[in-house]
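The values are calculated or read from the model by the stated rules, or taken from the named source; none is laboratory data. Keep in mind the model is a prediction, meaning the values are calculated, not measured. Cβ sites come from the backbone with ideal geometry, for glycine too, and all protein chains shown count toward neighbours.
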Amino acid sequence: MEQKQEFSILDPNGLKTIAFAIENDYVKDEEVYTLQMLDNLEEEQDGKKKKTFFVEGNNEETTVLMLTMGKNKVVINSAILKDNEISVINKPNIVKYEPILNTQKEVVYRDFKYTNNLKRPISIIDVETGQEVKPVLYIDQESGEVIGKCKMMPYKPYIALELKP
């Protein structure tokens, strides 16, 4: 029977938190970290947004990466989720970023490789909404590899998230 774990956070006004489960996988023979954006439910609580994130699977422990995005800054937290309890495993890092901005008048597509288990090591995030850009998958006819194609809209800011072992 598949288990579901959950944890909740409060976002102050003007901030957006997204969370990912981090796993190890391989692309060809190279180890990569893969990111699986966590589903969440959002509700108002005391003038703040309460987000409850859900992790599916039979893992006793799940490594979680949380990004709390503000204007040109992101606070990065990593944590361990076990038995519906979240424990931050290092001091939060505040990182300034320059968003990727599609300044062309037309849509731009970016490709990236998937693992053999159909997981992705790179996630593209829409800075304005805090949502992940869902890629369209296809198989490269020459290499036989699964490729994710992300659609980036004109004049819209994005960030790319990739973790390295």
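Miscellaneous remarks
- Among the residues of the stretch 108-165, those identified as in a loop (DSSP other than H, G, I, E, B) and either within 18 Å of residue 65 (Cβ to Cβ) or touching a helix residue (DSSP H, G or I) at 6+ places or on another chain (Cβ under 6 Å) (or both) are 115, 119, 121, 127, 130, 133, 163, 164, 165.
- Residues that are under 26 Å from residue 52 (Cβ atoms) and in a loop (DSSP other than H, G, I, E, B), drawn from the stretch 69-96: 71, 83, 84, 89, 90, 91, 92
- Residue within the stretch 77-86 that is acidic (Asp, Glu), within 20 Å of residue 10 (Cβ to Cβ) and modelled with pLDDT of 85 or more present: yes
- Residue 116 touching a Phe, Trp or Tyr at 6+ places or on another chain (Cβ under 6 Å) and surrounded by 11 or more Cβ atoms within 10 Å (Cβ to Cβ): no
- Subset of the stretch 115-144 (residues that are without any contact (Cβ under 8 Å) to a residue 60 or more places away in the chain, touching a strand residue (DSSP E or B) at 6+ places or on another chain (Cβ under 9 Å) and of a type in the set (Asp, Glu)): 126, 128, 140
- Scanning the stretch 77-113 for residues that are surrounded by 13 or more Cβ atoms within 10 Å (Cβ to Cβ) and among the polar types (S, T, N, Q), we see that the one that is farthest from residue 164 (Cα to Cα) is 102.
- Meets criteria (in a strand (DSSP E or B), under 19 Å from the mean Cα position of the chain (by Cα) and without any contact (Cβ under 8 Å) to a residue 40 or more places away in the chain) for residue 31: no
- Take the conditions (1) modelled with pLDDT of 90 or more; (2) surrounded by fewer than 14 Cβ atoms within 10 Å (Cβ to Cβ); (3) within 15 Å of the chain's Cα centre (by Cα); residue 42 misses just one of them, which is (3).
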